[in-house]
Structure formats: C-alpha cells, structure tokens
Amino acid sequence: MPPKKPAAKSAGGKKKADDDFDALLAAAVDSVQVVEKKEKAPQSKSAKATEGSDAPTAEAVVKSSADHPENPYPEVEAGQTRQTWPEPTVLVSKQFAPRKFPTGEITAHPLECNVFRQSSEEKRALERATETEVMELREAAEVHRQVRRWANSWIKPGIPLMTICDRIEKKLEELIGKDGLNRGQAFPTGCSLNYIAAHYTPNTGDKTVLTYDDVMKLDFGTQINGRIIDSAWTVAFDQKYDPLLLAVKEATNEGVRQAGIDVRLCDIGAAIQEVMESYEIELNGKTFQVKSIRNLNGHNITPYQIHGGKSVPIVKGTEAGVRMEEGELFAIETFGSTGRGVVIEDLECSHYMALPEASTIQLRSDKAKQLLKHIDKHFGTLAFARKWLDRTGQDRHILHLNNLVEAGCVLKCPPLVDVKGSYSAQYEHTILLKPTAKEVLSRGSDY
Ligand code: HZT
Ligand code: MN
Ligand code: MN
C-alpha cells in the first residue's frame, strides 16, 4: 500500500512540503473549531457576556490560551503554568509542582497472596525508594495523554499519514522538552491501517492519506531517562467498526485488570481471549467473531528497552510457567481482527532498533560502522524510524542499514499484517507493578 518511491529531498522541496502540511493542518484544526463554535455558541456567550461581537460571521480562528473558556486542563498553583487550549503549548514539567505529576489509576494486585501489600511497612519503604522513576513515568504518561487528546481533535479523513505522525512527534517533543536521549520519543509513531495491525509508519515519500473507511491504530511512546510509556488506541470514523473497537478496548481492560504480582502470563492471555472473542461485528452483511491475534503480545519494558524479555499472550495456551514480578513495568496490549487472527511480516520496513550487543559485533564496512555510531548517538537502543535517519543527515543509508541488520547489530521490525481486506484494532496501556499496588500509568479519560 505505501508507495516505495525514493524521497525527492532538497531544501526547497522540504520547505514546500512543510508549508503544505501546515496549511492542511490549519484547515483541519479550523474546521474542528468551527464545528465546536456552532455547537457551543449559547454556552460560550453566557460564559463571556462582555465579549464584543457575537456576529455569526466572526472568524473561526481561536487563539490558543490558558484562559480559553473551554480549556479542560485544571487551573494551577502559583509558580506553575496552566496548559493552553485548544492547542497545548506548555511543557508538562511546568504544569505541575516538582514530583506532583498526576498518578495513573491505582488498584490492588489481584490474588489472595497479595492482600498484605497495601498495609505492609516493608513494601511501602520499597516503594518510596523507586519514587524518582515513578515520577518520570507519570510525567511521560501525562505527555502521552496531552498529545493524544490534541491529536484526536484534528485527525480527520483527508490528512496524509506522514502529516499525522510528524505533528504528533513534534508536539510530543515540545511538551516533553526533548533533550537528546534523556527525554523524547521512545519509538516511531505507528499509524497502521486496516489489515496492517502494527509497526507501520510512513517512510519518506509515502503519500498515503487517511480515509473515512480506515481503521487506524495510533501507537506512540514517550520516554524520560529511559522510562518508557507505550500506549495505543484505535481511530475509526465509520460507526460500523464500533463493535471491533469495543471488543479490543474491553479485552485490554481485562488484561489490565488481571495483571499483578505473581499472576501467570498464560492466565492473562486466556482472560483476554475470552473477552475479545465474546464480541461479533457485522460488516457489509457478513458477521465476524472478533479474533485475538494469536502471534501478537504485550511485553515488559526495562530502561531504554521496549522489550524487556517477557511476552504477555492475548490467547490461551502459551507462556505456561512465567509470572509477573514485583517492580516490573508492562505494556498490556491486545489486537482484535476480523481476519485469520494471525499476522505475518510484510511491506516495506520502517521500524528498526539497535541491539544492546551491537557495539561488540565486528563490521567490515566503514559506512556501516559510521551509521551504527550515528544510530547509537541519536537513538541508543530505542526503536527508530527510517525517515528519522533521512532527517538527521543520513541520506542514502538503506544499504548500510541492511548491512547492520545482516550483521545482527540492528533488528528490523516490519509491518505485521493479517489477511488483505480484514480489519484490526489495538488498545494498549503501560502498567507498573509497585510493591503495594498496581498503577495503570497511561490511563486517561479516553481509554
Ligand atoms: C518493537 C518495535 C517498536 C515491541 C510491541 C509493540 C508497538 O511486537 C515482545 C512482545 C516498538 C515496539 C516494539 F518500534 N513490540 N508495542 N508497541 N509495538 S513487538 C513485541 O516487537 S516484542 C511484543
Ligand atoms: Mn505500542
Ligand atoms: Mn507495546
């Protein structure tokens, strides 16, 4: 589906693309604001009675400000800065007092053996010792919520996928205070459509445009000092897909509910599948049972490593002996499909990741060595997109990148696809198994 034309990359060309892109976005954001204005006209009139003209022709451009009448962000104490609306522009770190980032959803660990934890003085002390990392995770989670709330306000049919990803990634860097490998994106923004379940993001030159009929999985990551939040949701415009989205949202929530210290990974998989496959969806006169995609998994996360080594199944019958453990961070993600419920690697690859052992591997090509140095400097062991190499000055890198993959320095993560014509959805949360309780860090009012 994505065109494989090489990038026409010149300074002038890039500028033009940026301008087109800004115009498109401005139009998309404005159109949203026009609708909101019409719907909420009586309310804003009474709320701001002193405002000059209420002529129906008043221009639709709303300046983003903290005192916008519809700003959903809380007012802040002296010394902090309130987030602006409709476009967030304030660093998340400026909105909260030091070490006072919003907590995720906190619940008890399931299982009888865990009832002592909430009141255990020993477990509370252990928990205090990890406060800095928890604060980094909470801040990263708040950036994720603010970026996705904003993205959901302007994502519409007609916008190129490249524009969607670029805008999300730029806003993420703005709100997190991008700082080399200390603060920023944790991996490329996935925007996989329809039968593509995961790991698709446009490469340079990809002109794919979002349409009304698409089912798009948006999956992006934030990280502060290597503490990663990995969270995803699904966007669809046609309500006919609602049962698919609901099945997957509920399946992920079931996984989140079941998770906890000493819980067996296989039990989580079975519970997820049970919920997922209790849903049906009718599309174009045909009824499908929603299937859990059996070879996709959740995973634990360790500093600067999106995959810490454990996989959380979304069907019954795998990972028999393995349990969750105290202190672990997990991405609980589920995928439902109207297809086979199995994915294969296909299409042009956009997601790559250097392996921790990369620097110990002998390389014959100087160009490959040079590229590996560049990857290590900019991304370390975090996943990166091919287009990010183009943009950080690594033109015509593909041969050398393939050499690094061949040599075992870099892992390629190609798009994962079910059968053509099928539809898949995804929801994902990052949860922390603290000594006294479970915290769903990425929980928001949206999912
Ligand atoms: C790989 C590359 C990335 C990890 C899951 C995932 C998106 O499918 C063990 C279980 C980002 C993440 C990952 F760029 N993958 N979460 N969000 N993709 S995975 C995996 O490779 S490894 C699942
Ligand atoms: Mn993800
Ligand atoms: Mn994940």
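The values are calculated or read from the model by the stated rules, or taken from the named source; none is laboratory data. Given the structure is predicted, the values throughout are model-derived calculations rather than measurements. Here the Cβ is made from the backbone with ideal geometry for all residues, glycine too, and neighbour counts use every protein chain on show.
Test N253 against the criterion of being within 16 Å of ligand 1 (Cβ to nearest atom), within 20 Å of the chain's Cα centre (by Cα) and buried (at least 19 other Cβ atoms within 10 Å of the Cβ), and give yes or no.
Details: within 16 Å of ligand 1 (Cβ to nearest atom): no; within 20 Å of the chain's Cα centre (by Cα): yes; buried (at least 19 other Cβ atoms within 10 Å of the Cβ): yes.
In short, no.
Name the residue, out of K420, K412, that is of a type in the set (D, E, K, R), within 30 Å of V290 (Cα to Cα) and touching a helix residue (DSSP H, G or I) at 6+ places or on another chain (Cβ under 8 Å). Show your work before the answer.
Details: K420 fails: touching a helix residue (DSSP H, G or I) at 6+ places or on another chain (Cβ under 8 Å).
Being of a type in the set (D, E, K, R), within 30 Å of V290 (Cα to Cα) and touching a helix residue (DSSP H, G or I) at 6+ places or on another chain (Cβ under 8 Å) holds for just one of K420, K412, which is K412.
Listed here are the residues, each with its yes/no results for (1) of a type in the set (V, I, T); (2) surrounded by fewer than 19 Cβ atoms within 10 Å (Cβ to Cβ); (3) within 13 Å of ligand 3 (Cβ to nearest atom).
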site: F187; (1), (2), (3): no, no, yes
site: I196; (1), (2), (3): yes, no, no
site: T201; (1), (2), (3): yes, no, no
site: D206; (1), (2), (3): no, no, no
site: L210; (1), (2), (3): no, no, no
site: M216; (1), (2), (3): no, no, no
site: R227; (1), (2), (3): no, no, no
site: Q239; (1), (2), (3): no, yes, no
site: L244; (1), (2), (3): no, no, no
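Out of S153, S93, S120, I need the residue that is surrounded by fewer than 21 Cβ atoms within 10 Å (Cβ to Cβ), of a type in the set (S, T, Y) and closer than 28 Å to S350 by Cα. Which one?
S153
Of everything in the stretch 382-435 that's within 18 Å of S359 (Cα to Cα) and among the small types (G, A, S), which residue is surrounded by the most Cβ atoms within 10 Å (Cβ to Cβ)?
Ranking the qualifying residues of the stretch 382-435, first place goes to A383.
Looking at (1) assigned to a strand (DSSP E or B); (2) within 16 Å of ligand 2 (Cβ to nearest atom), which is the only condition I314 fails?
Going through (1) assigned to a strand (DSSP E or B); (2) within 16 Å of ligand 2 (Cβ to nearest atom) one by one, I314 breaks only (1).
What is the one condition in (1) away from ligand 2 (no atom under 16 Å from the Cβ); (2) at pLDDT 95 or above; (3) of a type outside the set (D, E, K, R) that N284 does not satisfy?
Single failed check for N284: (2).
Which of the residues belonging to the stretch 384-394 are away from ligand 1 (no atom under 16 Å from the Cβ) and either at pLDDT 95 or above or in contact with a His (Cβ under 7 Å, 6 or more places away or on another chain) (or both)?
T392, Q394
Yes/no matrix, rows are residues, columns are (1) in the same structural domain as K170 (by TED's automatic domain parsing); (2) aliphatic (A, V, I, L, M):
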residue	(1), (2)
K367	no, no
A385	no, yes
R391	no, no
Q394	no, no
V405	no, yes
S424	yes, no
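Please verify whether R340 is of a type outside the set (S, T, N, Q), in the same structural domain as H199 (by TED's automatic domain parsing) and away from ligand 3 (no atom under 16 Å from the Cβ), treating the condition exactly as stated. So that I can check it myself, show each step before the final result.
Working: of a type outside the set (S, T, N, Q): yes; in the same structural domain as H199 (by TED's automatic domain parsing): yes; away from ligand 3 (no atom under 16 Å from the Cβ): yes.
Spelling it out, R340 is indeed of a type outside the set (S, T, N, Q), in the same structural domain as H199 (by TED's automatic domain parsing) and away from ligand 3 (no atom under 16 Å from the Cβ).
Among what's in the stretch 327-371 and is acidic (D, E) and in a strand (DSSP E or B), pick the residue that is surrounded by the most Cβ atoms within 10 Å (Cβ to Cβ).
Filtering first and then ranking leaves E333.
If we scan the stretch 333-342, do we find a residue that is within 13 Å of ligand 1 (Cβ to nearest atom) and touching a His at 6+ places or on another chain (Cβ under 6 Å)? Even if it seems obvious, please write down each step before you answer.
Our first condition is that a residue be within 13 Å of ligand 1 (Cβ to nearest atom); within the stretch 333-342, this holds for 333-335.
Next cut, touching a His at 6+ places or on another chain (Cβ under 6 Å) only: none.
The answer is no, given that none of the residues of the stretch 333-342 is within 13 Å of ligand 1 (Cβ to nearest atom) and touching a His at 6+ places or on another chain (Cβ under 6 Å).
On the given criteria, is L172 closer than 30 Å to D418 by Cβ, assigned to a helix (DSSP H, G or I) and either more than 19 Å from the chain's Cα centre (by Cα) or away from ligand 3 (no atom under 16 Å from the Cβ) (or both)? So that I can check it myself, show each step before the final result.
On the way: closer than 30 Å to D418 by Cβ: yes; assigned to a helix (DSSP H, G or I): yes; either more than 19 Å from the chain's Cα centre (by Cα) or away from ligand 3 (no atom under 16 Å from the Cβ) (or both): yes.
So L172 fits the description; yes.
Each row is one residue, and each column tells you yes or no for (1) surrounded by 17 or more Cβ atoms within 10 Å (Cβ to Cβ); (2) within 25 Å of the chain's Cα centre (by Cα).
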{"position": "V275", "(1), (2)": "yes, yes"}
{"position": "Y279", "(1), (2)": "yes, yes"}
{"position": "L283", "(1), (2)": "no, no"}
{"position": "T287", "(1), (2)": "no, no"}
{"position": "K291", "(1), (2)": "yes, yes"}
{"position": "S311", "(1), (2)": "yes, yes"}
{"position": "A320", "(1), (2)": "no, no"}
{"position": "E325", "(1), (2)": "no, yes"}
